[in-house]
Amino acid sequence: MKRLNGIRLPRKKRTEEKPIKPIPLPALVRIPMLMHSGTPCTPAVRAGDYVTVGQCIGTAPDENSVPIHASVSGTVSALTEYCTVTGETVPCVEISSDGEQILCDTCTPPVLESRDDLIAAAKASGCVGLSGSGDLTFQKLAAVKKPQILIVNGAECEQYLSADSRLMSETPEQAVGGIVLLMKLLKIKDARIGIQTDKPLAIQRMTDACKDEKGITVCPLPPVYPQGAEKVLIYHTCGIVVPEDQTAADMGILVLNVSTCAFLYQYAQTGIPLVERVVTVDGDTIDKPCNLRVPIGTPVKELLEYAACHTDRVRTLLCGGPMMGMLLDSQEASVVRQQNGLTAMRRAKSSVRESACIRCGRCMEVCPMNLMPMELNDAYQRRDPAALQAEHLRLCIDCGCCSYVCPAHRQLAEKNQQAKLLLQKV
Amino acid sequence: MKHSTETVSPYIRSSASVQRIMLCVLAALAPAALAGCMNFGFHAVLLLAVTVSTALASELFFRAFFRKRQSIHDLSATVTGLLLGMTLPPDLPLWEAAIGSVFAIVAVKQVFGGIGKNFANPAATANILMTVLFMKDMTVWRLPMTGEAVTQTTLNGASATYWDLFLGNTAGNIGENSALCILLGALFLWLTRTASPIAPLSCLGSFALLTAIGGYDVPAQLLSGTLMLGACFMTADYTTAPVTRSGKCIFGLGCGVLTFLIRHFGGYPEGILFAVVIMNLLTPYIEKLTRPQPFGAADSPQKQKKRRKKKRAAV
């Protein structure tokens, strides 16, 4: 089987040996009402209300949303507004913690007996894709009508990030428990866990944990970025090519992140909704990189403080890793549900200047989808939708490899994202 | 929504830069250029200095005149100047070299928009122009040891041992006479992954095969003339050769075949530069033919038609 192209990022996983630790409870959390791709929630509490951990504070207005829960117990101090990483202004609930972390009495283990139960539970728990996408898990589960294969993404190919690999090394039984649960309820016979070969400990622990389970295989993936991208992952674990006009769901393939599986297992056991998550804090301005278990809504400032960050030197603060992450406007932002990492870097993106393409062809050689980014870039500069379509822009997975390798520092991947918006308008 | 490229990933870049690539090419050209300077003395050094400095100056003035962003720091003009100088005979009058260099930068490179936009190799094209303009001066060489002027090279009558040809103890242009130094430089480019060896190897391979079939002296033909320099450095040019791997292979094959034809059936003793420029013109078509198939892409309409026809034929 031919491997798909990609790049070898310099390995900067300083946190891979750092165990997951809980962060000291923040005095104040700000929970935005949009932490998934879909419609924002409506706040269900008022200033002055007392809330407990796991209590619903934002209700889903329609089918494109999941409820949001309080991550600390305490008093709602204010209802404010919050600007998300995608630039939308949404309501936000501020809770000042009383330090008690009293659990809400509605948190009881759900009854899980069928596929419908699972979808309902995924919705009620507020589960979203925990690897950065923020896709609604219940929609993903519902979209796969005849599930054949479950693919679990433990690739974690981004630079710096190690939250998923720590989870697989520390509590493999939770991840495997989630997979077994999904397989049982969705009647899937074949599950594959993709893990990059540069995480031998995670591979070892996961292989041991699923030794006695039937139908689960651990697939080692090459230590090349990107592996976690859906199409790449499917191809490298099962050898299946997803055609341009179909989705993985159409082909009966369900792809979930390993931490999402682990969360679903925890929810099935305890009934506590998605109120905390593991975040890797790293970057070249950070002295003590770490993996932290953080209540949702904790200001990122507290994470930076805990990780001994030189905050005055930070020019690029990212939600996620440097290849796929999104730029945070300020250190006042909150940790959101889909945030797998917090990267604080010294270098500003604007420090490099674009020059003319020299046609070296490196962008083409690294593109996992075999596209020709320089031709796409030309087509975008001409604002030519027909040419963009002929160059198969739709296949682009926004991995950013082309921008990464370009010796002329051209912003190829960035232009592709803008070109997609152009195509939407036409 | 905010849509400036500033707010879109990725936020890291590899250390590659155009400047660094060109620096690698200069380093790769250095051994052959130094060997030429040692063999042919001061005038050769002067000639290289003139081609490089005129190339830089013409790029500087052209871009200043048309108010474009300056680009000499990317070192591509330096490479062009040096490569052109290396394909010139050691006793060429300096003003003729300067004209060639200006032509290479202004008429072949900058007029089309500068680096990355030219369709033919500037050094090769300028050398062809100079061969036509200054026929007499361009065909006088000097023996490295004795300093005796000759109008014959090993391609048109002179004889030399393979060893002399390999080391560069023969009459010829400044940078092309030591095959050893050229190969060392090329090896450096291939090992640092600055350039791909596909086109050079397919060019030399196809040329050697045809030469053997034609019953000529294969090592002497391979080591003589500009072939080695042209194959190693001009067929591997980024801008004017196809970007795809199979395209590079076709490009190299074409160069090898054309060089063979020109050497043995054409009016000029050397053919690699003509071959490179002719293949440069075909590059867009080769590239179109050898496009990689996108991962999971639906077949192109032509392919679908073909498949339907096949089905019908089968029925």
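The values are calculated or read from the model by the stated rules, or taken from the named source; none is laboratory data. Computed from a predicted structure; not experimentally measured. FYI the Cβ positions are ideal-geometry reconstructions off the backbone, even for glycines, and counts take in every protein chain you see.
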Q.
Residues that are among the charged types (D, E, K, R) and crowded, with 19+ Cβ neighbours inside 10 Å: list the helices (runs of 4 or more DSSP H) wholly contained in segment B:156-253 that include at least 1 such residues.
A. none
Q | Number of positions in segment B:273-296 that are over 21 Å from residue B:194 (Cβ atoms) and touching a Cys at 6+ places or on another chain (Cβ under 9 Å) | A | 6
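Among the listed residues A:84, A:42, A:89, which satisfies the condition of being surrounded by fewer than 16 Cβ atoms within 10 Å (Cβ to Cβ), under 30 Å from residue B:6 (Cα atoms) and among the β-branched types (Val, Ile, Thr)?
Working: A:84 fails: surrounded by fewer than 16 Cβ atoms within 10 Å (Cβ to Cβ); A:42 fails: under 30 Å from residue B:6 (Cα atoms).
Sole residue among the options that is surrounded by fewer than 16 Cβ atoms within 10 Å (Cβ to Cβ), under 30 Å from residue B:6 (Cα atoms) and among the β-branched types (Val, Ile, Thr): A:89.
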Q) Looking at segment A:197-219, is at least one residue among the hydrophobic types (A, V, I, L, M, F, W, C), in a loop (DSSP other than H, G, I, E, B), assigned by TED's automatic domain parsing to the domain that holds residue A:149 and within 22 Å of the chain's Cα centre (by Cα)? A) no
Q) Which of the residues belonging to segment A:360-371 are surrounded by fewer than 23 Cβ atoms within 10 Å (Cβ to Cβ) and within 7 Å of another protein chain (Cβ to nearest Cβ)? A) A:361, A:364, A:370
Q.
Being in contact with a Gly (Cβ under 6 Å, 6 or more places away or on another chain) and away from chain A (no Cβ under 12 Å) is true for just one of B:32, B:107. Which residue is that?
A. B:32
Q.
Any residue at all in segment A:347-357 that's more than 10 Å from chain B (Cβ to nearest Cβ), at pLDDT 90 or above, in a loop (DSSP other than H, G, I, E, B) and in contact with a helix residue (DSSP H, G or I) (Cβ under 7 Å, 6 or more places away or on another chain)?
A. no
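Residues checked against (1) touching a residue at least 12 places away in the same chain (Cβ under 8 Å); (2) at negative phi; (3) surrounded by fewer than 24 Cβ atoms within 10 Å (Cβ to Cβ):
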| residue | (1), (2), (3) |
| --- | --- |
| A:283 | yes, no, no |
| A:305 | no, yes, yes |
| A:308 | yes, no, yes |
| A:315 | yes, yes, yes |
| A:326 | yes, yes, yes |
Q: Scan B:158, B:179, B:77 and give me the residue that is over 30 Å from residue B:57 (Cβ atoms) and touching a residue at least 24 places away in the same chain (Cβ under 8 Å).
A: B:179
Q: Would you tally the residues in segment A:1-23 being farther than 21 Å from residue A:167 by Cβ and surrounded by fewer than 17 Cβ atoms within 10 Å (Cβ to Cβ)?
A: 5
Q.
Looking only at segment A:339-359, count every residue that is surrounded by fewer than 21 Cβ atoms within 10 Å (Cβ to Cβ) and not charged (D, E, K, R) and tell me the total.
A. 5
Q.
Exactly one of these conditions fails for residue B:140: (1) more than 16 Å from the chain's Cα centre (by Cα); (2) farther than 20 Å from residue B:268 by Cβ. Give me its number.
A. (2)
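So which residues in segment B:97-133 are of a type outside the set (D, E, K, R) and in contact (Cβ under 8 Å) with a residue 60 or more places away in the chain? It would help to see each step written out before you state the result.
Within segment B:97-133, the first condition is being of a type outside the set (D, E, K, R), and the residues that meet it are B:97-108, B:110-116, B:118-133.
Selection gives B:115, B:116, B:118, B:119, B:120, B:121, B:123, B:124, B:125, B:127, B:128, B:131.
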Q.
Which numbered condition in (1) within 13 Å of another protein chain (Cβ to nearest Cβ); (2) over 20 Å from the mean Cα position of the chain (by Cα); (3) crowded, with 21+ Cβ neighbours inside 10 Å is the only one that residue A:29 fails?
A. (1)
Q: Taking residue A:80 as the residue in question, decide whether it is among the hydroxyl-bearing types (Ser, Thr, Tyr) and in contact with a Cys (Cβ under 8 Å, 6 or more places away or on another chain).
A: yes
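Name every residue in segment B:122-146 that is hydroxyl-bearing (Ser, Thr, Tyr), closer than 22 Å to residue B:157 by Cα and part of a helix (DSSP H, G or I), in order of residue number.
So the first thing to find is which residues in segment B:122-146 are hydroxyl-bearing (Ser, Thr, Tyr), and the list is B:125, B:131, B:139, B:146.
Next, from what is left, pick out any that are closer than 22 Å to residue B:157 by Cα: B:131, B:139, B:146.
Across segment B:122-146, the qualifying residue is only B:131.
Would you say residue A:115 is among the basic types (Lys, Arg) and either in contact with a strand residue (DSSP E or B) (Cβ under 7 Å, 6 or more places away or on another chain) or buried (at least 22 other Cβ atoms within 10 Å of the Cβ) (or both)?
On the way: among the basic types (Lys, Arg): yes; either in contact with a strand residue (DSSP E or B) (Cβ under 7 Å, 6 or more places away or on another chain) or buried (at least 22 other Cβ atoms within 10 Å of the Cβ) (or both): no.
Against the criterion (among the basic types (Lys, Arg) and either in contact with a strand residue (DSSP E or B) (Cβ under 7 Å, 6 or more places away or on another chain) or buried (at least 22 other Cβ atoms within 10 Å of the Cβ) (or both)), residue A:115 does not qualify.
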(Q) Of everything in segment A:295-344, what is more than 15 Å from residue A:162 (Cβ to Cβ) and assigned to a strand (DSSP E or B)? Give them in sequence order. (A) A:295, A:299, A:309, A:316, A:317, A:318, A:319, A:326, A:327, A:334, A:344
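For every residue, the table says whether it meets (1) within 14 Å of chain B (Cβ to nearest Cβ); (2) in contact with a Pro (Cβ under 6 Å, 6 or more places away or on another chain).
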site	(1), (2)
A:69	no, yes
A:74	no, no
A:88	yes, no
A:92	no, yes
A:96	no, no
A:99	no, no
A:105	no, no
A:108	no, no
A:116	no, no
Q.
Given the condition among the basic types (Lys, Arg) and at the interface with chain B (Cβ under 7 Å from one of its Cβ atoms), answer yes or no: does some residue in segment A:376-397 qualify?
A. no
Q. What is the residue count in segment B:169-212 for residues that are of a type in the set (Phe, Trp, Tyr) and over 15 Å from residue B:28 (Cβ atoms)?
A. 1
Q: Go through the residues of segment B:275-285 one by one and say whether even a single one is more than 27 Å from residue B:82 (Cβ to Cβ) and either among the polar types (S, T, N, Q) or assigned to a loop (DSSP other than H, G, I, E, B) (or both).
A: no
Q. Which ones in segment B:255-273 are out of contact with any Lys or Arg (no Cβ under 6 Å at 6 or more places or on another chain) and surrounded by 22 or more Cβ atoms within 10 Å (Cβ to Cβ)?
A. B:255, B:256, B:258, B:259, B:260, B:263, B:270, B:272, B:273
